[in-house]
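Beneath this line is the structure, given in structure tokens, with notes to follow.
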Amino acid sequence: MSDPQIEKLLIVQDRDTSLQKIEQELDRIPLERAAIEKLIQSEEANTEAASQALKEKEVQRHELDVEVKSKEAALARFRTQQLEIKKNDDYRAMTLQIEQTEAEISQLEEQEIELMLEIDTQRESFEAEKALIDKRIEVQRNEITLLGEREANLKASIDAAKSALDKCRDDADAGYLEHYDRVRTLTKRAPYVVPIEAHKCGGCHLRVSNEVSKAAMVPGEPHFCDQCARMVYA
Ligand SMILES: [Zn+2]
């Protein structure tokens, strides 16, 4: 024999769990958003580090260039000075200095060429990698937008879910409802009102006592699983 009060509680439970689902989903959204934002940040940090490394190489190249220019200026000075030297020994010493400076310049220029090649290769792979990263970031930002839309939809439906729950709680018997709320607090996880089938509780799936099993057949008052305390009916 079915208990009309249990029927009403089953509707309460149905609305209650619908509302819980919405609330749980809403709670998860900030976590999901934070996880995506963290991903974006790390992608951006990697890009920034690679770009910084490239910039440092450019600075090195510029420094080499400055050094070459200053040595070239020195070389020009030495050549002018040499024209005015009268003594053979001094002349030879200056020739040596000129040769040494020329050698230094060509060594610096070699380093510069090597560095320029390195920069080119590094820039090429940086740009290719950055294009991929930018695409990934775009997808991730899109996900954040979708999360925002989902959040707005859930927030819009939560009021409707709350009033649906309130409405069927108003229909239910106050005494049964009090037990329902107590069981809900105790068990923490739906369902709170469950059928007994083949002497087993539909919530914890353990065997209930014969007493409970028999009592559950009688409508008019609430009965409880003697294992998990959920409200039971037969
Ligand atoms: Zn149980």
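The values are calculated or read from the model by the stated rules, or taken from the named source; none is laboratory data. Given the structure is predicted, the values throughout are model-derived calculations rather than measurements. No Cβ is skipped: glycine too gets one built from the backbone with ideal geometry, and neighbour counts run over all protein chains shown. For the accessible areas, the whole protein counts, side chains as well, though only heavy atoms, and no ligand, DNA or RNA atoms are used. Shrake-Rupley method; radii C 1.70, N 1.55, O 1.52, S 1.80 Å.
Across the cross-link table entries LYS162/LYS200; LYS135/LYS155; LYS162/LYS214; LYS71/LYS130; LYS8/LYS214, which are compared at the Cα atoms, the separations over 27 Å belong to LYS162/LYS200; LYS135/LYS155; LYS162/LYS214; LYS71/LYS130.
Mean Kyte-Doolittle of at least -1.0 plus a Cα span of 24 Å or more along the axis: flag which DSSP H helices in the chain meet both, please.
Values: long enough: 4-84 (121 Å, -0.78); 88-171 (120 Å, -0.79).
Those that clear 24 Å and a mean of -1.0 are 4-84, 88-171.
Computed from label points 7 Å out along Cα-Cβ, the spacing between GLN107 and GLU23 is 7.7 nm.
Based on the Kirkwood radius over alpha-carbon pairs, what is the Stokes-Einstein translational diffusion coefficient of the chain at 25 °C with 0.890 mPa s viscosity, in µm²/s? Intermediate values should be presented prior to the final figure.
Numbers: Rh = 25.8 Å.
Result for D is 95 µm²/s.
For segment 129-155, no residue has its backbone nitrogen under 12 Å from a point 7 Å from the Cα of GLU58, taken along Cα to Cβ.
Normalised per residue, the accessible area of segment 21-162 is 72 Å², obtained with a 1.4 Å probe and no contribution from ligands, DNA or RNA. The peptide list 87-100, 181-194, put in order of mean Cβ contacts within 10 Å with the highest first, becomes 181-194, 87-100. Karplus-based coupling profile of segment 189-199, in residue order and whole Hz: 10, 4, x, 10, 10, 9, x, 9, 10, 6, 6, with θ = phi - 60° in 6.51 cos²θ - 1.76 cosθ + 1.60 and x standing for Gly or Pro.
Computed FRET efficiency, Cβ-Cβ of ARG123 and LYS38, R0 30 Å: what is it to the nearest 0.05? Display every interim value, and only then the final one.
On the way: r = 28 Å, r/R0 = 0.94.
Approximately 0.60, to the nearest 0.05.
Using a 1.4 Å probe over the heavy atoms of the protein chains, calculate the carbon and sulfur portion of the accessible area of segment 21-162 as a whole percent.
Values: 5430 of 10200 Å².
Of the solvent-accessible surface of segment 21-162, carbon and sulfur hold 53 percent.
For segment 115-234, go through all pairs of different Cα atoms, get the mean of 1/r, take its inverse, and jot down that Kirkwood value in Å. For segment 115-234, inverting the mean 1/r across all distinct Cα pairs yields 19.4 Å.
Of GLU23, GLU151, GLU84, the order by accessible heavy-atom surface (1.4 Å probe, DNA, RNA and ligands excluded), from most exposed downward, is GLU84, GLU23, GLU151. The H on the amide N of HIS223, modeled in the peptide plane, is under 5 Å from the matching H of VAL232, each at least 5 residues off or on a different chain.
Kirkwood hydrodynamic radius computed over segment 1-120 comes to 21.7 Å, based on all pairs of distinct alpha carbons. Calculated [222 nm] ellipticity per residue, helices only, for the chain: -29500 deg cm²/dmol; basis is -39500 (n - 2.57) per DSSP H run with n ≥ 4, divided by all residues, nearest 500.
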